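Here is the structure we will look at, set down as structure tokens.
The values are calculated or read from the model by the stated rules, or taken from the named source; none is laboratory data. Nothing here was measured: the structure is a model prediction, and the numbers come from that model. Here the Cβ is made from the backbone with ideal geometry for all residues, glycine too, and neighbour counts use every protein chain on show. When the accessible area is computed, the model is the full protein with side chains, heavy atoms only, and any ligands, DNA or RNA have been set aside. Shrake-Rupley method; radii C 1.70, N 1.55, O 1.52, S 1.80 Å.
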Amino acid sequence: MAQGFDPVAATAAYLAQLPPALHDKAKAYTQGGHWLLLWGTLVAILVAWIVLRTGVLVRVRSAVERGKPRLWLAVAAVVVVDGVIELVLSLPWDAYAHWWRERLYGLTSRPFGGWLSEHLTANLIGIVPTIVLAAILYWLVRRAPRTWWLWGGVLAGVGSLVLSLLSPVLLEPIFNTYTPAPPGPVRDEVVAMAKQVGVPHDKILIYNGSKQSNRYTANVAGVGATARVAMSDVMFKKDADLAEVRGVVGHEMGHYVHGHIYWLALAYGLMALVSFLIVDRTFGLVLRWTGAKGVRGLADPAGLPVVSIILAVVTLIGTPVQNSVTRAVEADADRFSLTHFNEPDGLAKALVKTIEYRYDSPSRLEEIIFYDHPSVRARVLRCMQWKATHPKSAP
């Protein structure tokens, strides 16, 4: 250990770089976001209940069945009608939770029209894959009524991987402009890092993330030929130096090298499997509670809002499990960055800049339940502990 260096004191010094008022604001934003999970679930349940009580999906399904019955056509019609109604009914809540509140805390600068346009576009794009997945699931329910939930979990995991493969190519360019990092020290350094750890180095990109958010962030996406590392322009607007870039991009490369996308797809598939099993066992009970008429059972697409209600509750209850999985992945990516690029101060400086949207010092229980990343305090402390035991060689 470096003589005279105290990791705890160094961590406190990093966190003290931000004024108390900013820490208080971050705490209010973060803990208020915990309540959004509950209220968002209640809104989803209310909207689905309204759709069920109107009987509109039963009428849509019956109208389709007057011709030659085709399951996929009934599913498509139900998904489109249900999606439009739920989009309209949920719009006030979505605008509050994802735009107004972000503006209130200074985390976005875009006008309402910009947010609304992207929100509608995302929902429109989502209709096609939703129809495909729903049609396959309802086919499974009819063909394998006892084990559909098992195959549904496999489908969810595979679907997650397919989405990860296609997203950088087909989806993300719709919302942002991705350009190669310009020639210079940053690009040279990132390319050298990529070659060092076997990451494709021909797709080091910068995107206009400030269009949506003022958050300091970077990400890795894609699988195989579609893999790329992208840094938001916010990083550079907030004066990221080369050490920060090394620390942050090293973290993102850790996701790629360690195949986290596959582990997350596996975890998602397992969680979906459990969720579908619960749907299978509770559908009839929840249908009776809603008082909906005309839904013939789980295999009836008109019962889609019942499935939505169950999944909303299961997702809320399963939040700690999902967050624990992603926290483990994020901690592993931090270790990768430190191990391969040894930039504890660079990573720590970058982490401090994320405090504005992720309070740094939650209780242990709060972190387990609500945090999908380890707390900033814990992450900076690990950086400082690494620094204490792995001092850089003098030039």
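Table: residues versus (1) among the small types (Gly, Ala, Ser); (2) modelled with pLDDT of 95 or more; (3) part of a loop (DSSP other than H, G, I, E, B).
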{"site": "Leu311", "(1), (2), (3)": "no, yes, no"}
{"site": "Val321", "(1), (2), (3)": "no, yes, no"}
{"site": "Ala328", "(1), (2), (3)": "yes, yes, no"}
{"site": "His340", "(1), (2), (3)": "no, yes, no"}
{"site": "Leu347", "(1), (2), (3)": "no, yes, no"}
{"site": "Ser361", "(1), (2), (3)": "yes, yes, yes"}
{"site": "Arg379", "(1), (2), (3)": "no, yes, no"}
{"site": "Gln385", "(1), (2), (3)": "no, yes, no"}
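Looking at the range 292-315, is at least one residue touching a residue at least 60 places away in the same chain (Cβ under 8 Å), among the hydroxyl-bearing types (Ser, Thr, Tyr) and open to solvent by less than 40 Å² (accessible area, probe 1.4 Å)?
No, that holds for no residue.
Name every residue in the range 39-76 that is within 15 Å of Ala135 (Cα to Cα) and surrounded by fewer than 18 Cβ atoms within 10 Å (Cβ to Cβ), in order of residue number. Before you say what the answer is, go through the steps one by one.
Of the range 39-76, the ones within 15 Å of Ala135 (Cα to Cα) are 61, 64, 69-76.
If the condition is that a residue be within 15 Å of Ala135 (Cα to Cα) and surrounded by fewer than 18 Cβ atoms within 10 Å (Cβ to Cβ), then Pro69, Arg70, Leu71, Trp72, Leu73 are the ones that fit.
Could you tell me whether the range 261-282 includes any residue that is closer than 17 Å to Ala156 by Cα, touching a strand residue (DSSP E or B) at 6+ places or on another chain (Cβ under 9 Å) and not acidic (Asp, Glu)?
First, the residues of the range 261-282 that are closer than 17 Å to Ala156 by Cα: 261-280.
Next, from what is left, pick out any that are touching a strand residue (DSSP E or B) at 6+ places or on another chain (Cβ under 9 Å): 261.
Next, from what is left, pick out any that are not acidic (Asp, Glu): 261.
Yes - at least one qualifying residue is present in the range 261-282.
List the pairs whose first member sits in the range 216-235 and is basic (Lys, Arg), whose second member is outside any helix (DSSP H, G or I), and whose Cβ atoms are under 7 Å apart, counting only residues at least 6 apart or on separate chains?
Here the result reads Arg228/Lys203; Arg228/Leu205; Arg228/Ala221; Arg228/Gly222, each pair linking the range 216-235 to a residue that is outside any helix (DSSP H, G or I).
Which ranges mark the strands (runs of 3 or more DSSP E) fully within the range 168-287 that have 1 or more residues being out of contact with any helix residue (DSSP H, G or I) (no Cβ under 9 Å at 6 or more places or on another chain) and over 28 Å from Pro344 (Cβ atoms)?
Details: elements: 178-180, 204-207, 218-221, 228-232.
The qualifying strands (runs of 3 or more DSSP E) are 178-180.
Which members of the range 359-395 meet the condition of being open to solvent by 20 Å² or more (accessible area, probe 1.4 Å), without any contact (Cβ under 8 Å) to a residue 60 or more places away in the chain and closer than 18 Å to Arg215 by Cβ?
Selection gives Asp372, His373.
Does Leu36 satisfy the condition of being modelled with pLDDT under 95, under 24 Å from Ser375 (Cα atoms) and surrounded by 15 or more Cβ atoms within 10 Å (Cβ to Cβ)?
No, not satisfied.
Go through the range 163-176 and give me each residue that's surrounded by fewer than 13 Cβ atoms within 10 Å (Cβ to Cβ) and either at pLDDT below 90 or among the hydroxyl-bearing types (Ser, Thr, Tyr) (or both).
Kept after step one, since they are surrounded by fewer than 13 Cβ atoms within 10 Å (Cβ to Cβ), are these residues of the range 163-176: 170, 173-174.
Residue satisfying the conditions is Leu170 alone.
Looking at the range 326-350, which of its residues are open to solvent by 10 Å² or more (accessible area, probe 1.4 Å) and either under 17 Å from Ala26 (Cβ atoms) or of a type in the set (S, T, N, Q) (or both)?
Thr326, Thr339, Asn342, Lys349
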